[in-house]
Structures are given as structure tokens and as C-alpha cells.
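Enquirer: Before I ask anything, here is the structure I am working with.
The values are calculated or read from the model by the stated rules, or taken from the named source; none is laboratory data. Just so you know, these numbers come straight off a predicted model, no measurement behind them. Backbone-built Cβ (ideal geometry, glycine too); neighbour counts: all protein chains shown. Heavy atoms of the whole protein, side chains included, go into the accessibility calculation; ligands, DNA and RNA do not. Shrake-Rupley method; radii C 1.70, N 1.55, O 1.52, S 1.80 Å.
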Amino acid sequence: MDRTVSALMRRGVAFALSAVLAAGALGAPAAFAYAAEGNAADTPATGTPAPDAPASEAPAPEAPAPEAPAPDAPSADGDATVDGSGGGAASNSPSADDVPAKPAAKAATKVSGLNRTISKKPSDTIKDTIKVSPAGKRTVQLQLYNGAAKKWKTRATFTTNRAGKVTLKYPADWKKKNTTKWRVVVKATDTAKKYVSKTVQVTTYNRSTVKLKAKSAVIMEASTGQVFYAKAPDTKRQNASTTKMMTALLALERNKLSAPVTITKQAATTDYSNLGARAIGDVTTVKNLLYMTLLPSDNGAAEALAIHTAGSEKAFVALMNARAKELGCTHTSFKSPHGLTRKGHGSSARDLAKIARVALKNRTFAKIVNTKSYRFTTSRGNSYTMKTTNKLLGKTAGVRGVKTGYTDAAGHCFVGAFKYKGKAYLTVVLGSPSSDQRWSDTKALMKYVKKYF
């Protein structure tokens with residue numbers, strides 16, 4: 001009896017399994033539960049075999065829910081799933097082949113040999129050879145800044161050779177203004193980053209001819225040091241009493257204005273001095289001697305400042321040359337603190353403008369050279385009254401100084417300072433044939449500024 005029942009049950013299970021498999025093969029959903037212990041409605045469709053099913057039988061496959069299969073489930077024949085992956089268990093993690101390779105970092109682009117400041121005459125051309133790395137065929141742009149629009153505009157495009165070299169030829173836009181701002185842009189590549197240079201300033205000087213009789217001349221903008229006009233600017237010449245600008249600058253930098261100075265015999269008897277023998281052993285101040293050095297251009301006063309500051313003329317001259325070198329003067333060699341003709345003594349128009357530019361930043365110096373007259377009394381009661389040798393001061397609008405000079409070897413010289421439209425300019429003339437001519441030459445340079453600025 002028991003064997004008969006058991007056999008019938010086995011046949012029933014086999015029949016049910018056959019029905020399920022057939023339904024699955026036909027694509028029809030099937031739901032069933034084993035008619036085992038417990039209420040069928042309370043039994044989850046887990047596919048757990050009935051307790052009395054023989055061990056030799058394979059467990060029934062998991063029954064799908066009544067709804068349609070999940071879209072990412074693999075098909076029965078192992079075809080690709082919806083997301084394009086092959087059959088098998090679905091996963092949200094991409095395979096190693098699906099992860100994109102991280103792009104290699106781009107190399108920084110560097111440029112060497114680029115000139116940041118360029119000064120040229122309108123008749124010249126500007127060519128600047130640079131080297132770009134990484135090398136190869138690189139695209140290089142020259143861009144001009146438009147101040148009105150506040151934008152950079154590409155004015156020329158070049159291509160480097162395989163070694164990364166290229167010669168930049170500046171378009172003629174720079175010839176139309178006193179100063180123009182440019183920059184160099186190197187385009188990025190697949191392996192190199194973009195490069196943008198700092199500003200390249202181009203200065204156009206000698207935009208027109210100035211009729212001068214001076215042998216050397218310069219116009220320099222005081223705030224920037226840019227030269228806008230030049231005639232033999234780097235020729236070293238005897239420069240006479242314009243030397244005293246450096247003497248005064250050092251005396252100011254190394255002494256207190258109220259410091260007492262004893263006039264030595266060497267200072268009192270210096271050629272072309274108004275101190276005279278009565279001044280030997282007399283005492284005055286650094287301030288008084290500065291006025292006497294810069295206004296009437298007294299050689300003895302300059303000598304007294306030199307000896308007081310450094311102990312001797314020789315030691316002071318060494319300080320003068322060292323300071324000139326610090327200021328970037330490349331065509332200057334001082335042999336005295338006053339400028340009387342000595343072999344090897346001299347400076348250039350450009351160097352004198354550099355010295356004046358720095359000296360005028362000292363408020364005391366700027367005040368003295370802008371003074372028409374001065375008077376002081378020494379400790380012994382000796383009185384000295386003086387007037388400036390600058391004939392333009394107080395008579396020509398904007399003039400603020402600075403220093404005259406004359407010897408037979410140097411000719412007539414003048415370093416001037418004046419303001420125009422809120423900016424300060426320095427003018428230098430060396431070797432004018434007469435005193436009147438140096439004033440005419442200076443006025444011609446001032447006229448140039450008013451024409452172009």
C-alpha cells in the first residue's frame with residue numbers, strides 16, 4: 001500500500017515538472033507550489049524541494065514571478081542582455097574592458113628667447129626669434145591689446161619648425177603709437193598645454209625728426225624709464241656739472257640734512273668756487289651745501305660734500321661709480337664730484353636721464369632743483385646768496401629742474417624735468433654749441449612730447 005502511494009506521488013511530481021518545463025519552453029509564465037505540508041497560499045515560491053522528494057531528483061528551477069521577466073535577465077539561449085553584455089548573471093559593475101583609459105597628462109608649454117621690452121624707430125622692423133617646447137609644428141599667435149575695447153586681437157600667426165623655433169615678425173601696428181602692448185600665444189596640442197606670455201611692450205621712438213644742434217639727446221618718461229627720442233644716447237661724453245646730480249644724490253642718501261660740515265682748504269680753494277679762503281674752517285650744514293651745489297653749481301660746495309660723506313674725494317668718487325652701476329649706467333665713469341674736465345670722466349645722455357630719474361624720487365632733491373633762489377649764513381656769519389642756473393625754471397610751463405653744466409670739453413649741457421598732462425618727462429642735451437642753443441634744443445624736445453603725448 002505504501003509503495004503504491006509512493007509510486008503514484010512520484011509520477012505526479014514528474015508530471016508536474018514536465019508541465020512546468022513545457023510551459024517555460026513555450027515562453028508562458030508558470031507559477032506553482034509543492035503540495036507539501038502547510039497551506040499552499042502561505043508557501044513562498046522558493047523552489048525548495050518537497051520534504052519527501054528523493055535526493056536523486058534535481059531541484060526544480062526557480063519559478064519566475066507572474067510578471068514579465070526583468071529586462072536585464074539573460075535569455076534562455078544565452079543571447080546578449082539589453083545592455084549589450086553577454087548572458088549570465090546581471091551586474092551593475094562594468095568590466096575592465098568597459099572602463100575608459102585615463103588620458104595622459106599634457107606637458108606644460110615653455111617659451112624661451114622672448115623679448116619683453118622692445119624699442120625701435122618707425123623705419124625699423126621687429127623680428128624676435130623664440131623657441132617653443134615641447135617642439136614640433138606648433139601654432140604661434142602675436143596678439144595686440146586694444147585698450148579701448150579691452151581685448152586682445154590676433155594680428156599675425158606663425159608655425160614653428162620641428163625643432164620648435166620660429167621668428168616672429170611684428171605687424172606695423174606698433175609704428176602708429178608711442179607704446180603698444182603685445183603677447184604671444186602658443187596653441188595647445190594633444191600632448192601640450194596652451195601658453196600665454198606676459199605683456200611685451202614695444203616703444204616707438206624718434207617718430208619724427210627733431211632739429212637739434214646738441215651732440216647727444218634723450219627724452220625719457222620718468223615713471224617707466226622708456227626712451228621716446230634719442231640722438232647718440234649711449235655715447236660717453238664729458239658732462240661737466242651735470243655730474244653734481246650724483247654728488248647730491250649720494251650726500252642725501254648718506255647724511256642728515258642738519259649734519260654740520262667743516263669746510264676744508266681743499267674744498268674752499270676748488271676751481272670756480274664762491275666759497276673762497278674766508279670759508280676755510282667755517283661750518284655750515286649738508287642742506288646748505290646741497291643748495292649751493294645744485295643751484296649756482298658751486299664746485300667747492302660739491303667737494304665739501306664729497307669729503308664730508310666719504311672722508312676723501314677719491315673714496316667718494318668710488319661711491320659715485322658704484323652707485324652709477326647700481327642704477328644701470330653702462331657708459332659712465334666719474335673722476336670727480338664736480339665735473340671739471342678730467343681724463344676718462346664722462347657719461348651718456350641715457351645714463352644721465354637714469355640718474356636724474358632716481359634722484360628726483362628724493363623729495364629734498366626735487367624741491368631743491370625746483371627752487372629759483374636760496375640764501376644761508378655760516379657759523380661765522382658768512383652769508384651766501386644764490387640763484388639757479390636753470391633759465392627755463394619759472395618761465396616755461398611745467399619745468400621742474402634739473403641741472404646745467406658747461407666746460408670747454410663738454411660744451412653746454414642740461415638735464416631737464418617737466419610735467420605735461422600729468423606725466424613727468426626728462427630731457428637731456430649734451431654738447432650744445434652755446435648756452436642759448438641748449439635751451440632751444442631742450443624746448444624742441446619738449447615740443448616733441450607735446451606733439452605725440
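Enquirer: I need the full set of residues from region 265-281 which are modelled with pLDDT of 95 or more and of a type in the set (Gly, Ala, Ser), in order please.
Expert: 267, 268, 273, 279, 281, listed by residue number.
Enquirer: Additional query: Of all residues in region 134-146, count the ones that are of a type outside the set (Phe, Trp, Tyr) and open to solvent by 50 Å² or more (accessible area, probe 1.4 Å).
Expert: To start, the set of residues in region 134-146 that are of a type outside the set (Phe, Trp, Tyr) comprises 134-144, 146.
Retained after the next criterion (residues that are open to solvent by 50 Å² or more (accessible area, probe 1.4 Å)): 135, 137, 139, 146.
Residues in region 134-146 being of a type outside the set (Phe, Trp, Tyr) and open to solvent by 50 Å² or more (accessible area, probe 1.4 Å): 4 in total.
Enquirer: Among the numbered criteria (1) crowded, with 21+ Cβ neighbours inside 10 Å; (2) within 38 Å of the chain's Cα centre (by Cα); (3) outside any helix (DSSP H, G or I), which single criterion is violated by residue 445?
Expert: (3)
Enquirer: Let me confirm something: among 181, 213, which residue is out of contact with any Phe, Trp or Tyr (no Cβ under 8 Å at 6 or more places or on another chain), charged (D, E, K, R) and either at pLDDT 95 or above or not in a loop (DSSP other than H, G, I, E, B) (or both)?
Expert: That would be 213, the only listed residue that is out of contact with any Phe, Trp or Tyr (no Cβ under 8 Å at 6 or more places or on another chain), charged (D, E, K, R) and either at pLDDT 95 or above or not in a loop (DSSP other than H, G, I, E, B) (or both).
Enquirer: Examine region 408-417 for a residue that is open to solvent by 40 Å² or more (accessible area, probe 1.4 Å), at pLDDT 95 or above and in contact with a strand residue (DSSP E or B) (Cβ under 8 Å, 6 or more places away or on another chain), and state whether such a residue exists.
Expert: No, region 408-417 has no match at all.
Enquirer: Considering only residues that are open to solvent by 90 Å² or more (accessible area, probe 1.4 Å) and under 15 Å from residue 112 (Cα atoms), which ones fall in region 147-160?
Expert: none
Enquirer: Still on this structure: Just to verify a result, which residue in region 418-429, among those that are in contact (Cβ under 8 Å) with a residue 24 or more places away in the chain and out of contact with any helix residue (DSSP H, G or I) (no Cβ under 7 Å at 6 or more places or on another chain), is least open to solvent (accessible area, probe 1.4 Å)?
Expert: For region 418-429, the residue satisfying everything is 424.
Enquirer: If only one of 341, 404 is over 32 Å from the mean Cα position of the chain (by Cα), outside any strand (DSSP E or B) and hydroxyl-bearing (Ser, Thr, Tyr), which one is it?
Expert: Details: 404 fails: outside any strand (DSSP E or B).
Exactly one of 341, 404 is over 32 Å from the mean Cα position of the chain (by Cα), outside any strand (DSSP E or B) and hydroxyl-bearing (Ser, Thr, Tyr), namely 341.
Enquirer: Next question, about the same structure. Evaluate the following for residue 432: is it surrounded by fewer than 16 Cβ atoms within 10 Å (Cβ to Cβ), among the hydroxyl-bearing types (Ser, Thr, Tyr) and on the phi < 0 side of the Ramachandran plot? Full working, then the answer.
Expert: Working: surrounded by fewer than 16 Cβ atoms within 10 Å (Cβ to Cβ): no; among the hydroxyl-bearing types (Ser, Thr, Tyr): yes; on the phi < 0 side of the Ramachandran plot: yes.
Criteria not met by residue 432.
Enquirer: Suppose the filter is farther than 22 Å from residue 276 by Cβ, of a type outside the set (Ser, Thr, Tyr) and open to solvent by 30 Å² or more (accessible area, probe 1.4 Å); does residue 375 pass it? Steps first, answer last, please.
Expert: On the way: farther than 22 Å from residue 276 by Cβ: no; of a type outside the set (Ser, Thr, Tyr): yes; open to solvent by 30 Å² or more (accessible area, probe 1.4 Å): yes.
Criteria not met by residue 375.
Let's see how each residue does on (1) charged (D, E, K, R); (2) within 29 Å of residue 420 (Cβ to Cβ); (3) open to solvent by 50 Å² or more (accessible area, probe 1.4 Å):
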| site | (1), (2), (3) |
| --- | --- |
| 162 | yes, no, yes |
| 168 | no, no, no |
| 175 | yes, yes, yes |
| 199 | no, yes, yes |
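Enquirer: If you check 348, 379, 373, 336, which single one turns out to be among the polar types (S, T, N, Q) and either over 22 Å from residue 252 (Cα atoms) or at pLDDT below 95 (or both)?
Expert: None of the other options fit; the residue is 348.
Enquirer: Quick test for you: out of 188, 163, pick the one residue that is in a loop (DSSP other than H, G, I, E, B), over 15 Å from residue 118 (Cβ atoms) and in contact (Cβ under 8 Å) with a residue 40 or more places away in the chain.
Expert: Being in a loop (DSSP other than H, G, I, E, B), over 15 Å from residue 118 (Cβ atoms) and in contact (Cβ under 8 Å) with a residue 40 or more places away in the chain holds for just one of 188, 163, which is 188.
Enquirer: Here is a further query. Out of (1) modelled with pLDDT of 95 or more; (2) within 30 Å of residue 121 (Cα to Cα); (3) within 37 Å of the chain's Cα centre (by Cα), the odd one out for residue 244 is which?
Expert: (2)
Enquirer: Can I ask one more? Sort out which residues of region 222-258 are surrounded by fewer than 24 Cβ atoms within 10 Å (Cβ to Cβ) and under 14 Å from residue 358 (Cβ atoms), and write them in order of number.
Expert: If the condition is that a residue be surrounded by fewer than 24 Cβ atoms within 10 Å (Cβ to Cβ) and under 14 Å from residue 358 (Cβ atoms), then 222, 223, 224, 225, 249, 250, 252, 253 are the ones that fit.
Enquirer: Looking at 421, 367, 361, 447, which is the one that is under 14 Å from residue 219 (Cβ atoms), out of contact with any strand residue (DSSP E or B) (no Cβ under 7 Å at 6 or more places or on another chain), at pLDDT 95 or above and among the basic types (Lys, Arg)?
Expert: 447
Enquirer: Quick one: residue 397 ticks every box in (1) farther than 23 Å from residue 284 by Cα; (2) small (Gly, Ala, Ser); (3) part of a loop (DSSP other than H, G, I, E, B); (4) open to solvent by less than 10 Å² (accessible area, probe 1.4 Å) except a single one, so which number is it?
Expert: All conditions are met except number (4).
Enquirer: Note down all Cβ pairs under 8 Å where the first residue falls in region 296-324 and is at positive phi, the second is in a helix (DSSP H, G or I) and not small (Gly, Ala, Ser), and they're at least six residues apart or on different chains.
Expert: Between residues of region 296-324 that are at positive phi and residues that are in a helix (DSSP H, G or I) and not small (Gly, Ala, Ser), the close pairs are 297/244.
Enquirer: For a quick check of your reading: which helices (runs of 4 or more DSSP H) sit entirely within region 258-334 and have at least 2 residues that are under 26 Å from residue 348 (Cα atoms) and touching a helix residue (DSSP H, G or I) at 6+ places or on another chain (Cβ under 7 Å)?
Expert: 286-294, 299-310, 313-326
Enquirer: Of the residues that sit in region 121-131 and are in contact (Cβ under 8 Å) with a residue 40 or more places away in the chain and more than 15 Å from residue 142 (Cβ to Cβ), which one is surrounded by the fewest Cβ atoms within 10 Å (Cβ to Cβ)?
Expert: Per the stated criteria, the residue is 121.
Enquirer: Check whether at least one residue in region 342-351 is open to solvent by 30 Å² or more (accessible area, probe 1.4 Å) and either touching a Leu at 6+ places or on another chain (Cβ under 7 Å) or among the β-branched types (Val, Ile, Thr) (or both), and report yes or no.
Expert: no
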